[in-house]
1. Say we look at the range 72-88 and pick out the residues that are closer than 20 Å to F47 by Cβ and among the hydrophobic types (A, V, I, L, M, F, W, C); which of these is nearest to the chain's Cα centre (by Cα)?
2. I'd like to verify a number: residues in the range 107-126 that are surrounded by fewer than 17 Cβ atoms within 10 Å (Cβ to Cβ) and either aromatic (F, W, Y) or under 20 Å from R41 (Cα atoms) (or both), how many?
3. Test of understanding: among G154, G144, which residue is of a type outside the set (A, V, I, L, M, F, W, C) and buried (at least 17 other Cβ atoms within 10 Å of the Cβ)?
4. Select from the range 127-157 the residues that are farther than 14 Å from L42 by Cβ and of a type in the set (G, A, S) and list them in ascending order.
5. So, in the range 107-157, exactly how many residues are over 18 Å from the mean Cα position of the chain (by Cα) and not aromatic (F, W, Y)?
6. Only one residue in A46, A26 is at pLDDT 90 or above and touching a Pro at 6+ places or on another chain (Cβ under 6 Å), so which one is that?
7. For the range 127-141, enumerate the residues that are surrounded by 15 or more Cβ atoms within 10 Å (Cβ to Cβ) and either among the acidic types (D, E) or more than 15 Å from T99 (Cα to Cα) (or both).
8. Between a residue in the range 14-40 that is assigned to a loop (DSSP other than H, G, I, E, B) and any residue that is loosely packed, with under 10 Cβ neighbours inside 10 Å, which pairs come within a Cβ distance under 9 Å, given they are 6 or more apart or on different chains?
Amino acid sequence: MASPSLASPRRAPSGRRPRPIVPGLAGFYDWVEPYTYPLFRLIVGAFLLPHGLGKLMSGQAPVVATMTHFGVQPAAVMALCVTAIESLGALCIVLGFLTRLWAAALAIELAVISFVVMLPQGYFRAEPFLLWGLLAFVIALKGGGRCSIDRLIGWEL
């Protein structure tokens, strides 16, 4: 029988979590685990919110100009959608209200930015938008989860 090594880690029996290397951390991990996804959702929404608030503060003219520059039409409608997703949608993602709807809208927005606008300029220009789009996609798949208004009111999209 081969001895376990770093290359082939020993798997825990089915249904059991692996033991922490530092056993004293097990209680902390158990305590924090239910809050990791709400924290993830909060971080994604909170990091997006300043982008939306900036668009709200500057007005729609610069956003429409940017849309027109990149050939996105109808520019005024798309600017309004982007502003709504990055402001109201970000706040709703943070709060966990209509989470799947707003996260899916954000994932679609970021996919368009990634593939239509940034990827022609090179992968490394598109990479952050792809990453944030995938994070939004994960939230769209998972929904509000615990610590969300969706859970509190008992329904979600």
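The values are calculated or read from the model by the stated rules, or taken from the named source; none is laboratory data. Since this is a predicted model, take the numbers as computed values, not measurements. Here Cβ is always computed from backbone atoms with ideal geometry, including for glycine, and neighbour counts include all displayed protein chains.
1. Filtering the range 72-88 for residues that are closer than 20 Å to F47 by Cβ and among the hydrophobic types (A, V, I, L, M, F, W, C), the one nearest to the chain's Cα centre (by Cα) comes out as I85.
2. Qualifying residue count for the region: 5.
3. Every option except G144 fails the conditions.
4. G133, A140, G143, G154 - these are the residues of the range 127-157 that are farther than 14 Å from L42 by Cβ and of a type in the set (G, A, S).
5. The number of residues fulfilling the criteria is 12.
6. A26
7. F129, L130, W132
8. P18/P9; P18/R10; P18/R11
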